[in-house]
Amino acid sequence: MTKKAEIKEPEKNTFRQRLKDNMDELKWLYMELYHDENAFKYFISMIRKNYRERKVSLRKTDVERSRSNGWYHHSEMLGMMMYTEAFGGTLNGVREKIPYIKECGVNYLHLMPLLDSPEGKSDGGYAVADFRKVRPDLGTMEDLEKLSAACRKNDIMLCFDFVLNHTSDEHEWAKAARAGDPVARSRYFFYDNWDIPDQYNSTMPQVFPETAPGNFTYFEDCNQIVMTTFYPFQWDLNYANPMVFNDMVDNLLYLANKGIDVFRLDAVPYIWKQLGTNCRNLPEVHKIVRMFKIVCEIVCPGVLLLGEVVMEPKEVVPYFGTPEKPECDILYNVTTMCTIWHTLATHDVRLLKYQVDQMKDLPKSCVFQNYIRCHDDIGWGLDYSYLGRFGIQETSHKKYLNDWFTGKWPGSPSRGELYNDSAALGDARLCGTSASLCGIESALQNNDGEVLNKALSADIMLHAFMFTLSGIPVIYSGDEIGMLNDYTYHDNYAKKDDSRFIHRGKFDWDLAEKRHEPGSLSCALYSQLLRLTKIRKENPVFHSGAYMYSFDTGNNSILGVIREYKGQKLLGLFNFSDQWLRTVIENNDWEDLTYKDSFYIKGEYPQTEYWLEPYGFRWLLAGDIHNK
Ligand code: GLC
């Protein structure tokens with residue numbers, strides 16, 4: 001880039017200045033891990049090269065975003081996650097469907113992995129063979145750039161998976177390693193015998209105990225044992241090697257320069273391995289994530305990091321880092337997600353209430369990605385020490401939840417399938433779409449109107465609760481129109497052993513067509529979600545920085561929460577049971593404010609007593625509110 005073409009940035013926001021500001025910490029972290037001056041020199045020249053290659057328009061956005069602190073904290077954020085092939089066929093197909101995405105109110109689009117990944121050994125795209133090539137059946141890098149430009153034009157941020165823990169065994173590094181190249185082998189974990197793998201195995205839990213048992217795989221052709229924590233075709237990268245870190249940062253910046261706004265750091269807790277540990281969430285992981293963040297702050301400060309930390313609650317929050325030294329900008333609210341389903345199956349809100357209050361003291365810079373369903377299974381990572389107070393035991397409770405959601409439990413309308421049902425561990429997880437888990441599928445099959453109404457209400461109520469939480473709500477594509485489980489994966493040799501494909505079906509455009517037809521199921525769901533979306537976007541009380549806490553509704557099946565933000569107040573009531581329930585609100589603070597409106601009963605006067613229908617909810621807004 002010539003001097004002439006360089007854009008004028010305010011003094012403090014130049015690459016040079018940003019590098020200077022962050023150099024000490026960056027170098028400190030780097031040298032602590034790698035002790036290698038030359039590698040560091042190369043690293044700095046590599047990030048500079050990427051900055052030079054960054055388009056002027058993207059640099060401008062970077063500066064604008066970094067000027068407005070918390071530009072992704074506002075209540076207008078709404079996300080949707082989807083598979084390119086399922087939704088639009090190709091990247092160009094997705095681009096053509098932007099009007100639908102906008103109609104849903106979505107301004108944050110997460111496209112599931114779409115880089116080159118070998119068919120039949122791809123783990124849904126999470127085995128990347130080339131970080132700089134789009135999967136040919138989905139399009140090209142140019143198509144990705146066109147899509148990101150179209151999204152930008154429509155004020156939609158694009159989120160993209162960055163699979164950093166491993167590569168596909170068909171990545172050029174892996175192929176060279178397999179062929180015996182020692183430099184390539186040093187990028188992975190290669191062993192001649194089982195001595196060290198056995199030592200690792202003695203402390204390292206398994207990720208896929210049933211679908212891909214073990215953490216290592218023996219490859220006969222090269223007579224080597226390779227660390228493969230996930231599937232045997234996903235080879236773990238060795239981040240103790242600075243070459244791996246340098247090249248992966250280079251790959252991330254290359255993609256950032258294609259216009260990606262948010263990187264989902266896939267399986268990030270696993271990236272550092274240490275004998276004698278469980279190889280998860282080690283301190284080095286945090287150093288590496290912090291370095292990724294610093295690099296983004298220097299090269300592309302408008303780019304955000306979303307951490308995929310599907311771990312027990314105490315391990316999740318540290319990935320935000322501190323307000324002074326942030327790591328991830330956004331984290332999945334995985335604990336709340338699985339607690340929501342637990343609450344639906346037990347009709348008991350106590351754990352959810354407890355969790356709402358635990359989150360209230362987190363710094364406001366912590367933004368969660370809230371969701372009900374995503375492309376993965378639901379693992380029952382609940383707070384069992386809290387549940388123990390009510391006599392709930394982990395193993396039997398997991399079994400209960402799985403029985404409930406697979407419809408085995410008497411009276412359960414749910415239709416899900418187990419995932420990694422390991423008899424040895426008694427630790428099966430669960431798959432299914434929101435609609436099928438809520439009971440819509442079985443109600444339709446049995447032609448049972450009463451169950452259908454309840455299931456529909458439950459589905460809407462769960463979304464309403466997700467919209468009430470602080471952070472960015474993300475809808476799983478298809479949930480907005482009530483898509484059911486897709487059982488066709490049973491007949492696909494490459495998918496049949498992985499029940500997560502039950503909720504990764506092709507988007508049903510016929511069902512979507514009906515979303516405006518009153519009386520149709522998709523309309524019933526879609527119109528309500530749209531209405532909630534509109535209220536959420538128009539009212540700053542949903543801002544991530546709002547103060548949110550629970551209150552006692554006097555009923556263990558009704559969750560009561562309050563949000564407060566800049567003169568607005570929201571009171572939310574959520575009935576997690578299948579019965580009509582009554583609650584009395586005795587909240588003095590609430591009565592101080594002029595009551596204006598509520599979600600369903602517009603114009604109704606304030607009252608202290610509420611009757612909530614099965615799985616019903618209320619949003620009561622006070623203060624300066626909007627609900628046109
Ligand atoms: C993440 C993805 C999951 C994938 C795994 C391995 O957890 O969400 O789908 O199987 O990483 O890459």
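The values are calculated or read from the model by the stated rules, or taken from the named source; none is laboratory data. Since the structure is predicted, the reported quantities are computational estimates derived from the model, not experimental observations. Don't worry about glycine lacking a Cβ; one is built from the backbone with ideal geometry, like all the others, and counts go over all protein chains shown. These accessible areas exclude ligands, DNA and RNA; they are computed on the full protein's heavy atoms, side chains included. Shrake-Rupley method; radii C 1.70, N 1.55, O 1.52, S 1.80 Å.
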Residues (in a loop (DSSP other than H, G, I, E, B) and within 16 Å of the ligand (Cβ to nearest atom)) located in segment 158-188: 164, 165, 169, 170, 171, 188
Residue list for segment 424-452, filter: assigned to a helix (DSSP H, G or I), in contact (Cβ under 8 Å) with a residue 24 or more places away in the chain and among the polar types (S, T, N, Q): 434, 436, 442
Unique residue being open to solvent by 30 Å² or more (accessible area, probe 1.4 Å), closer than 21 Å to residue 161 by Cβ and within 16 Å of the ligand (Cβ to nearest atom) when the list is 285, 262, 310: 310
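Just to verify a result, which residue in segment 372-423, among those that are in a loop (DSSP other than H, G, I, E, B) and basic (Lys, Arg), is farthest from the ligand (Cβ to nearest atom)? Step through it out loud before you land on a result.
Within segment 372-423, the first condition is being in a loop (DSSP other than H, G, I, E, B), and the residues that meet it are 372-377, 379-383, 391-393, 406-416, 420-423.
Filter once more, so that each one left must be basic (Lys, Arg): 373, 408, 415.
Values: 373: 13, 408: 26, 415: 22 Å.
Looking at residues that are in a loop (DSSP other than H, G, I, E, B) and basic (Lys, Arg), I get 408.
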Matching residues in segment 184-206 - criterion: being without any contact (Cβ under 8 Å) to a residue 40 or more places away in the chain and within 19 Å of residue 272 (Cα to Cα): 184, 185, 190, 191, 197, 198, 201, 202, 206
Scan of segment 106-128 for residues that are in a loop (DSSP other than H, G, I, E, B), crowded, with 19+ Cβ neighbours inside 10 Å and in contact with a helix residue (DSSP H, G or I) (Cβ under 8 Å, 6 or more places away or on another chain), ordered by number: 112, 114
Segment 288-307, residues that are within 23 Å of residue 48 (Cβ to Cβ) and within 16 Å of the ligand (Cβ to nearest atom): 289, 305
Any hit, segment 194-201, residues being modelled with pLDDT of 95 or more and within 16 Å of the ligand (Cβ to nearest atom): no
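Is it the case that residue 268 is open to solvent by 10 Å² or more (accessible area, probe 1.4 Å), hydrophobic (A, V, I, L, M, F, W, C) and within 16 Å of the ligand (Cβ to nearest atom)?
The answer is no for residue 268.
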Members of segment 103-122 that are within 16 Å of the ligand (Cβ to nearest atom) and at pLDDT 95 or above: 110, 111, 112, 113, 114, 115, 116, 117, 118
Subset of segment 123-140 (residues that are without any contact (Cβ under 8 Å) to a residue 60 or more places away in the chain, within 16 Å of the ligand (Cβ to nearest atom) and of a type outside the set (D, E, K, R)): 125, 128, 129
Positions within segment 230-259 being open to solvent by 10 Å² or more (accessible area, probe 1.4 Å) and under 21 Å from residue 178 (Cα atoms), in sequence order: 230, 231, 232, 233, 238, 240, 241, 242, 243, 247
